[in-house]
Amino acid sequence: MYEQARFTVFAGSGGRIFAERICQYLGIAPGASELIRFSEGNTFVRVDESVRDKDVFLVQPIGMAANDEFVEILFWLDAFKRASANRCTLIMPYFSYAKGDKKDEPRVSIRARVCAECMELAGADHFMTMDLHAPQIQGFFKTPMDHLRAMPMLAEHVRRLGLENAVAVSPNAGRVKMARKFAAELGFTTAIADKIRSSREESGEVLELIGDVSGRDAVIVDELSSSGGTLASLARCLKKRGARRVFAVLSHNVLSESGVKRIEDSEIERVISTDTVDNVNILGRDRFQTISVAPLFAESIRRFYDGGSIDVMLSDMPESFYEAGVRLAREF
């Protein structure tokens, strides 16, 4: 347990439940703050307690309301700095603009880089995030970043399902490395889908499947899903190739309302994801199961503040993190 005076964890509008889970794990109370959104769209934030010379941690994903959440982060960081906070760490479990990581066509913005620079200029001294769209995005940030991984906790959950003769399926070439690591963790084989995406549409069409899935339980391994189109299309393909059951694991669940319906109408038996985004669209839906990764972030806060090694924590994740994550997902 930590005394409240040592550091304070604050929550943005998109990170309140996640911050409560972090604070519950650490045995502290969340920081007092206020946020108002005026009718014309302006955002007002205020820190309602002293943070002078304190380390502050702001919990705010950039996810379901990306633009509002991003602007809110800038205002929070500025408020902390003007209140003489010591170090400001942004806990950004999900960074949706990470998908804008390159200039792959003329006259477009590299959105991830723009966001990184703005947050650093606003006062972020340190970042904590999880499963970026591509690890090299860390290079857009000049300040230190701790990049956490969701797969160990998701793999632990899948291990407890007791699947036999299972295969980890990558939905596209870009996720092969993630699927192979997942498969190696659980002793699965690997299959790879060949997908085509038209323009900037969120979902893609699965054209071909490389690997044997006949008579096996298939686990689709992906970073995120928003429309559910790729997952549903791949599930159909897997079933046609003889897969017995189909599951999906996601680092980030940002499914829209229509995406949730698409999954519920598909051959996917269960979608297992983390709570990096507070997605109200999946609440009360039996097909969706959430594992909280707040314990990983909470332990990272403790080690960062105490000067301990986060890398050691990531390389030897105790099962207690998983147990705590399941419990916190039920309680909040």
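Side notes on the structure shown:
Matching residues to (1) more than 25 Å from Tyr322 (Cβ to Cβ); (2) in a loop (DSSP other than H, G, I, E, B):
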| position | (1), (2) |
| --- | --- |
| Val9 | no, no |
| Glu34 | yes, no |
| Ser39 | yes, yes |
| Arg46 | yes, no |
| Leu90 | yes, no |
| Pro106 | yes, yes |
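- Meets criteria (assigned to a helix (DSSP H, G or I) and farther than 17 Å from Ile17 by Cβ) for Asp311: yes
- Verdict on Phe304 being touching a residue at least 24 places away in the same chain (Cβ under 8 Å) and surrounded by fewer than 24 Cβ atoms within 10 Å (Cβ to Cβ): yes
- Only residues that are in contact (Cβ under 8 Å) with a residue 12 or more places away in the chain and either charged (D, E, K, R) or touching a His at 6+ places or on another chain (Cβ under 7 Å) (or both) were counted across the range 280-301, and they come to 4.
- Counted residues, the range 151-181 - those being acidic (Asp, Glu) and not in a helix (DSSP H, G or I): 1
- Selection of the range 52-81 for residues being in a loop (DSSP other than H, G, I, E, B) and polar (S, T, N, Q) yields only Gln60.
- Ser84 being assigned to a loop (DSSP other than H, G, I, E, B) and at positive phi: yes
- Residue in the range 15-25 that is in a strand (DSSP E or B), under 21 Å from Arg303 (Cβ atoms) and of a type in the set (A, V, I, L, M, F, W, C) present: no
- Among the residues making up the range 1-10, a single one is out of contact with any Leu (no Cβ under 8 Å at 6 or more places or on another chain) and modelled with pLDDT of 95 or more: Thr8.
- Every listed requirement among (1) buried (at least 20 other Cβ atoms within 10 Å of the Cβ); (2) under 23 Å from Val312 (Cβ atoms) is met by Ser170 save one, (2).
- Residues that are crowded, with 17+ Cβ neighbours inside 10 Å, over 25 Å from the mean Cα position of the chain (by Cα) and not small (Gly, Ala, Ser) were ranked within the range 229-243; the one that is farthest from Leu163 (Cα to Cα) is Cys237.
- The condition (being buried (at least 19 other Cβ atoms within 10 Å of the Cβ) and out of contact with any strand residue (DSSP E or B) (no Cβ under 7 Å at 6 or more places or on another chain)) is satisfied by just one residue among Ala116, Ala134: Ala116.
- Ala83 falls short on exactly one of the conditions (1) among the small types (Gly, Ala, Ser); (2) farther than 24 Å from His147 by Cβ; (3) within 18 Å of the chain's Cα centre (by Cα), and that condition is (3).
- Residue in the range 240-247 that is touching a helix residue (DSSP H, G or I) at 6+ places or on another chain (Cβ under 8 Å), within 21 Å of Ala19 (Cα to Cα) and either among the hydroxyl-bearing types (Ser, Thr, Tyr) or touching a residue at least 60 places away in the same chain (Cβ under 8 Å) (or both) present: no
- Test: residue in the range 61-68 that is in contact (Cβ under 8 Å) with a residue 24 or more places away in the chain, of a type in the set (A, V, I, L, M) and in contact with a Gly (Cβ under 6 Å, 6 or more places away or on another chain): no
The values are calculated or read from the model by the stated rules, or taken from the named source; none is laboratory data. Just so you know, these numbers come straight off a predicted model, no measurement behind them. A quick note on method: Cβ atoms are made from the backbone with ideal geometry, for glycine too, and the neighbour counts reach across all protein chains shown.
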